[in-house]
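Everything on this sheet refers to the single structure shown next.
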Amino acid sequence: MNLHLKDGTVIINVRLTGIRKSELGKDSLVEYVPYGSCKSSQIPLKRIAWAEMLNLTLLQPAD
């Protein structure tokens, strides 16, 4: 999926792994793993404008 942020940037090709409260308990954080990586990252939910699902048939190799 692609995450479109409120500032106009896009984080592309990520897999969402969870949503949790921050350590201070004020904000919710979205955890994700970029494609081809095994290290997760997180971003505050309030920074995300919308999430776009990817069409997986476009990513499959041609026969």
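The values are calculated or read from the model by the stated rules, or taken from the named source; none is laboratory data. Being a predicted model, the structure only gives us computed values, none of them experimental. So basically every Cβ, Gly included, is an ideal-geometry build from the backbone, and we count neighbours across all protein chains shown. These accessible areas exclude ligands, DNA and RNA; they are computed on the full protein's heavy atoms, side chains included. Shrake-Rupley method; radii C 1.70, N 1.55, O 1.52, S 1.80 Å.
Here are a few things to note about the model shown:
- Using 0.36 nm per residue and subtracting the Cα-Cα separation, the extra length available between Leu5 and Asn55 on full extension is 16.0 nm.
- Note on the chain: Kirkwood hydrodynamic radius from all Cα pairs is 12.8 Å, rounded to one decimal.
- Placing unit charges on the Cβ atoms of the charged side chains and taking the dipole of the chain about its Cα centre, the candidate lying farthest along the positive direction among Gly36, Asn2, Ile19 is Ile19.
- The relative contact order of the chain, computed from alpha carbon pairs under 8 Å that lie at least 6 residues apart in sequence, is 34 percent.
- To put it simply, the accessible area of the chain at a 1.4 Å probe is 56 percent carbon and sulfur.
- Model label sites at Ile19 and Glu31, defined 7 Å from Cα along the beta-carbon direction, differ in position by 1.5 nm.
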